[in-house]
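Just below is one structure, and these are the notes that go with it.
The values are calculated or read from the model by the stated rules, or taken from the named source; none is laboratory data. Everything quoted here is computed from the prediction, not taken from an experiment. Here the Cβ positions follow ideal geometry from the backbone for every residue, glycine too, while neighbour counts run over all protein chains shown. These accessible areas exclude ligands, DNA and RNA; they are computed on the full protein's heavy atoms, side chains included. Shrake-Rupley method; radii C 1.70, N 1.55, O 1.52, S 1.80 Å.
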Amino acid sequence: MPDFTDILYEKHHRVRGATWITINRPDVMNAFTGHTLTEMRDAVEAASGDPEVGVIVITGAGDRAFCAGGDVRWLQEVQREGAVGAAPVDPHAGIEDCLKPVIARVNGFSVGGGNHLAYFADFTIASERATFAQLGPRVGSSASGYYVAYLTHVVGAKKAKEIWMLCRRYSAQDALDMGLVNAVVPHDRLDDEVDLKILKASFRTVYQPLREASRRDWVAEIAPDFYRSGEADEGKNAFLERREPDFSRFPR
């Protein structure tokens with residue numbers, strides 16, 4: 001088992017046969033960096049190949065956040081000068097390729113890439129305190145490919161476009177109503193709900209062609225100067241400075 005720094009890997013944490021993978025960066029609401037994503041994939045692969053593990057639980061440390069997505073300072077650094085292509089930005093392939101059930105235990109904010117983790121999991125169980133959102137357009141962070149389009153299979157095309165384009169926040173009950181989560185429970189019963197034994201049904205074949213077709217670098221093809229134009233930086237600077245972004249200089 002590799003040594004992890006950004007996550008906790010706990011075999012048989014609560015129930016024998018289950019492994020918990022916890023994003024352990026609570027000081028930044030469990031936002032991830034490329035290093036975190038690499039560790040998460042390694043952990044999922046380790047659990048997937050372990051004959052003593054029957055189910056994998058993914059969650060975030062503390063009670064404030066499940067995962068706030070990509071660390072904005074890290075994203076700003078890797079996106080400059082097109083460096084994003086060298087950074088791992090797909091933490092979901094490990095979940096998809098795993099033949100064991102994966103449960104997302106959503107204990108707080110589930111935002112951006114954290115929300116991707118929640119809706120790619122086979123089962124998503126949310127605390128009544130949970131909040132769900134996509135914020136990419138607000139922070140000048142592009143997203144493309146199957147992990148965007150797959151949301152249409154979860155909540156439908158109209159709602160998926162609303163989530164991605166309008167950057168609204170949704171309560172746990174909102175998420176349940178739209179089919180984004182399987183269950184909402186009182187916060188103090190979250191672990192009891194996760195402990196229930198559930199079976200995995202695989203729908204991977206439905207979206208596999210979409211996944212393969214979207215390996216292309218859509219940002220490079222559609223807007224090759226996006227990261228060098230300053231638009232991405234404006235969104236992230238506005239976020240870090242706690243102000244509304246001004247994209248008026250980028251009318252395209």
Exercise for the section: Can you confirm whether region 21-36 contains a residue that is touching a strand residue (DSSP E or B) at 6+ places or on another chain (Cβ under 8 Å), open to solvent by 10 Å² or more (accessible area, probe 1.4 Å) and among the acidic types (Asp, Glu)? Expected result: no
Practice task
Would you check which residues across region 44-69 are open to solvent by less than 40 Å² (accessible area, probe 1.4 Å), within 16 Å of the chain's Cα centre (by Cα) and not polar (S, T, N, Q) and list them?
Solution key: Val44, Ile56, Val57, Ile58, Gly60, Ala61, Ala65, Phe66, Cys67, Ala68, Gly69
Handout entry: Positions within region 111-135 being modelled with pLDDT under 95, part of a strand (DSSP E or B) and more than 19 Å from Arg14 (Cβ to Cβ), in sequence order
Key = Val111, Ala133
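Within the group Arg138, Arg105, which residue is modelled with pLDDT of 90 or more and farther than 18 Å from Met178 by Cβ? Lay out the reasoning, then the answer.
On the way: Arg138 fails: modelled with pLDDT of 90 or more.
Step by step, each of Arg138, Arg105 is checked, and only Arg105 is modelled with pLDDT of 90 or more and farther than 18 Å from Met178 by Cβ.
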